[in-house]
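S.K.: Could you have a look at this structure, given as structure tokens, before my questions?
The values are calculated or read from the model by the stated rules, or taken from the named source; none is laboratory data. For clarity, every value in this text was computed on a predicted model and none was experimentally measured. FYI the Cβ positions are ideal-geometry reconstructions off the backbone, even for glycines, and counts take in every protein chain you see.
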Amino acid sequence: MSNEPSDIAKRKQKIVGVFSRTAPAYDQVGPRFFTHFGHRLVELARIPNGAQVLDVATGRGAVLFPAAEAVGRSGHVTGIDLSEGMVHETADEIRRLKLKNVEVRQMDAEDLQFPDASFDVVLSSFALLFFPQPDRALSEMHRVLKPNGRIALTTWDNVGDEQWKWFEEDLFKAYVPSEAETEQASASQSPPPLELDTP
């Protein structure tokens, strides 16, 4: 993040702060929303046994753990997340489950630290809208994908906007530091949010 424009770096810091603070309880309390769709994404991605898989913005492993099951012992899944809190919590879970074919690293989706053509499958669930430069993140996902590999993503549609309003209103109000209000003016100068609500 050091060579980025300050507005992009600030947006990333804000997002990382929110997710690091929520990490201990993220998708662990109440309905397992992300876990449900993580399993579904892995199912639809048709990951072959023995595959090398990257899970971008792994969070608490909603995609990571079902992907590890799909690749079997001969495959490997790497999860990356910019939030140190998420990486710490997920690494603890990997150790607790004694999984040998999984690892998690702190890394920026817009600057993946892997060689070209490293993975058979790249997955990312409900994360693209959080990346300040989604085009860079998608380019990086494509760069690390092997020829004839597969990228599979999930995102929200606009049908349940009211139903999921809690995500921004309750979660962010509870965990975003108070100085966030003062940053709203600068955030309003940011590019408009991505429209990812239709096929």
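S.K.: Kindly evaluate I47 against the criterion of being at pLDDT 95 or above, part of a loop (DSSP other than H, G, I, E, B) and either within 14 Å of L153 (Cα to Cα) or of a type in the set (V, I, T) (or both).
M.R.: On the way: at pLDDT 95 or above: yes; part of a loop (DSSP other than H, G, I, E, B): yes; either within 14 Å of L153 (Cα to Cα) or of a type in the set (V, I, T) (or both): yes.
Yes; evaluated as a whole, the condition is true for this residue.
Let's see how each residue does on (1) surrounded by 13 or more Cβ atoms within 10 Å (Cβ to Cβ); (2) touching a residue at least 24 places away in the same chain (Cβ under 8 Å); (3) assigned to a strand (DSSP E or B); (4) not aliphatic (A, V, I, L, M):
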| site | (1), (2), (3), (4) |
| --- | --- |
| F114 | yes, yes, no, yes |
| L123 | yes, yes, yes, no |
| D135 | no, no, no, yes |
| P147 | no, yes, yes, yes |
| I151 | yes, yes, yes, no |
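S.K.: On the given criteria, is R105 under 22 Å from R150 (Cβ atoms), basic (K, R) and over 14 Å from the mean Cα position of the chain (by Cα)?
M.R.: When the stated conditions are applied, R105 does not pass them.
S.K.: For S83, are the conditions met, namely being at pLDDT 95 or above and among the small types (G, A, S)?
M.R.: Working: at pLDDT 95 or above: no; among the small types (G, A, S): yes.
Answer is no for this residue.
S.K.: Any idea which of V77, V87 is assigned to a strand (DSSP E or B) and either touching a residue at least 40 places away in the same chain (Cβ under 8 Å) or surrounded by 17 or more Cβ atoms within 10 Å (Cβ to Cβ) (or both)? First the steps, then the outcome.
M.R.: Numbers: V87 fails: assigned to a strand (DSSP E or B).
Going through V77, V87 in turn, the sole match is V77.
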